[in-house]
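Read the structure below first, then the notes.
The values are calculated or read from the model by the stated rules, or taken from the named source; none is laboratory data. What you are looking at is a predicted structure, and each value in this text was computed from that prediction instead of being measured. When we count neighbours, we look across all protein chains shown, and the Cβ atoms used for this are built from the backbone with ideal geometry, even at glycine. Ligands, DNA and RNA are stripped out before the accessible areas are found, and what is left, the full protein with its side chains, is counted by its heavy atoms. Shrake-Rupley method; radii C 1.70, N 1.55, O 1.52, S 1.80 Å.
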Amino acid sequence: MDKTIAVIGLGYVGLPLAVEFGKKYRTIGFDINPGRIAELEAGRDHTLEVSPDELAEADRLSFSSDPADLEQAERYIVTVPTPLDRHQMPDLGPLLAASRTVGRALSSGDIVIYESTVYPGATEEECVPVLEAESGLAFNRDFFCGYSPERINPGDKKHRLATIPKVTSGSTPEAARTVDELYRSIITAGTHPAPSIKVAEAAKVIENSQRDINIAFVNELAVIFGRLGIDTKAVLQAAGTKWNFLPFSPGLVGGHCIGIDPYYLAQKAKETGYEPAIILAGRKLNDGMGVYVASRVVKLMIGKGHRVGSARALVLGITFKENCPDIRNTRVVDVVSELESFGVKVDVYDPWADPEEVKREYGIDLLPGLPSARAEESAAGAGYDAIVAAVSHREFAELDLAALKNGGRPETVVFDIKRILDPDFVDEAL
């Protein structure tokens, strides 16, 4: 193929894609953030999704924040975020802005492929009119579209872009074949051509909705079994001996997909006059788990004689998942804010997160490090009334909890959301 590819948005999804294409084709990696471009040109990726060596291997990849450079491309792939607004409604602002930028660069015969998660119909109903308006070209006559949902799992070094099967689609049969051939050239796991763009969009949004509902189920089980004094993990392990039992674990549900995608499907369902009961029930339950954890910690502190209004707590982890710097839509902040609402002074430590990004997004000042391993050397280490393990970073599994509890004080409450700590030191776990 002698076409130039432009990847718009160089985050967790766009950068790995641009790098993979850049190994074979002339590729322009575009991002509106000049700082991001400078970082990548220097061979660094703060998301840790792509290594310096992998960046160097993509010898046909260049980076730009100048929209004029996009005019050199014939194939455009949009990978910008699709977040929610404060009312939990889909925010298509970044997607439509990217469509305007691409539309101004479009020429006859070009193809625009979307990877951003959307509700079924968004590509053709929301994005295409913007492309037409900005380009002056006619859809499916002068230019064409495709949709290939992203399946990037941040922090996962086993399931990478090329090793995950890719769903593809196009606005015409010919466009669909072209889109599929393009992805098939870099995806070693193969592709699955969907019969329409709407089918591909729907497939993406239900992948994470299904996970969300299943996690909500085990979260509800954790609440029930907690009331019954039963170990949730032991129950799941026992049930898991049956061949068709699905292995899900309780916990906080955040990130850029599972905690967001169901709302996109729910909104589209509401537009048809249908109220999606199961989807929204799962979302409500999962969104409430941070408050549930904080309330349990407070009750445990009261039970051990702490004055909650003057208590201090240490929360381990702020990213939305383990061994990854991604803080998008992290629900750990719910635990922090709920504890603070009781008057608890909360410290947060996370060796993976960027302190400046956490401060900017959530107003939280991360600890630069943990208190000294020897409690007598650290006044800060002597005062924690509660410790909450919120994220299962590998570093936390090796912590000296006795030191953090000031020599193993029995009155210090330890709550383990992710079950990574020594159970001998844990008061309660999900």
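Could you go through region 13-29 and let me know if any residue there is modelled with pLDDT of 95 or more, closer than 21 Å to residue 260 by Cα and in contact with a strand residue (DSSP E or B) (Cβ under 6 Å, 6 or more places away or on another chain). Yes, region 13-29 contains at least one residue that is modelled with pLDDT of 95 or more, closer than 21 Å to residue 260 by Cα and in contact with a strand residue (DSSP E or B) (Cβ under 6 Å, 6 or more places away or on another chain). Within the option set 268, 284, being farther than 30 Å from residue 369 by Cβ, open to solvent by 70 Å² or more (accessible area, probe 1.4 Å) and either among the basic types (Lys, Arg) or in contact with a strand residue (DSSP E or B) (Cβ under 9 Å, 6 or more places away or on another chain) (or both) holds for one residue only, 284.
Kindly list the number of the only condition in (1) small (Gly, Ala, Ser); (2) open to solvent by 50 Å² or more (accessible area, probe 1.4 Å); (3) within 30 Å of residue 152 (Cα to Cα); (4) at pLDDT 90 or above that fails for residue 397. Every condition holds for residue 397 apart from (4).
Going through (1) surrounded by fewer than 22 Cβ atoms within 10 Å (Cβ to Cβ); (2) touching a strand residue (DSSP E or B) at 6+ places or on another chain (Cβ under 6 Å); (3) closer than 24 Å to residue 260 by Cα one by one, residue 3 falls short only on (3). Flag set for residue 220, criterion: at pLDDT 95 or above, more than 30 Å from residue 23 (Cβ to Cβ) and not β-branched (Val, Ile, Thr).
Residues checked against (1) open to solvent by less than 10 Å² (accessible area, probe 1.4 Å); (2) assigned to a loop (DSSP other than H, G, I, E, B); (3) at pLDDT below 95; (4) under 17 Å from residue 27 (Cβ atoms):
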residue: 63; (1), (2), (3), (4): no, no, no, yes
residue: 104; (1), (2), (3), (4): no, no, no, no
residue: 112; (1), (2), (3), (4): yes, no, no, yes
residue: 123; (1), (2), (3), (4): yes, no, no, no
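The requirement of being surrounded by fewer than 16 Cβ atoms within 10 Å (Cβ to Cβ) and at pLDDT 95 or above is not satisfied by residue 353. Looking across region 219-230, the residues that are surrounded by fewer than 14 Cβ atoms within 10 Å (Cβ to Cβ) and under 14 Å from residue 428 (Cβ atoms) come down to 227, 228, 229, 230. Among the residues making up region 295-306, those that are part of a helix (DSSP H, G or I) and touching a strand residue (DSSP E or B) at 6+ places or on another chain (Cβ under 8 Å) are 296, 297, 300, 301. Each residue in region 224-263 was checked for being of a type in the set (A, V, I, L, M), out of contact with any Gly (no Cβ under 8 Å at 6 or more places or on another chain) and assigned to a loop (DSSP other than H, G, I, E, B), and 4 of them qualify. Of the residues making up region 231-247, just one is open to solvent by less than 50 Å² (accessible area, probe 1.4 Å) and either on the phi > 0 side of the Ramachandran plot or of a type in the set (Ser, Thr, Tyr) (or both), namely 232. For region 9-57, residues that are over 23 Å from residue 327 (Cβ atoms), open to solvent by less than 10 Å² (accessible area, probe 1.4 Å) and in contact with a helix residue (DSSP H, G or I) (Cβ under 8 Å, 6 or more places away or on another chain) total 3. You will find that of 91, 180, the residue that is within 22 Å of residue 30 (Cβ to Cβ) and in contact with a strand residue (DSSP E or B) (Cβ under 9 Å, 6 or more places away or on another chain) is 91 and no other. The condition of being assigned to a helix (DSSP H, G or I) and aliphatic (A, V, I, L, M) does not hold for residue 186. The residues in region 134-181 that are without any contact (Cβ under 8 Å) to a residue 12 or more places away in the chain and either buried (at least 18 other Cβ atoms within 10 Å of the Cβ) or more than 21 Å from residue 196 (Cβ to Cβ) (or both) can be counted, and the count is 6.
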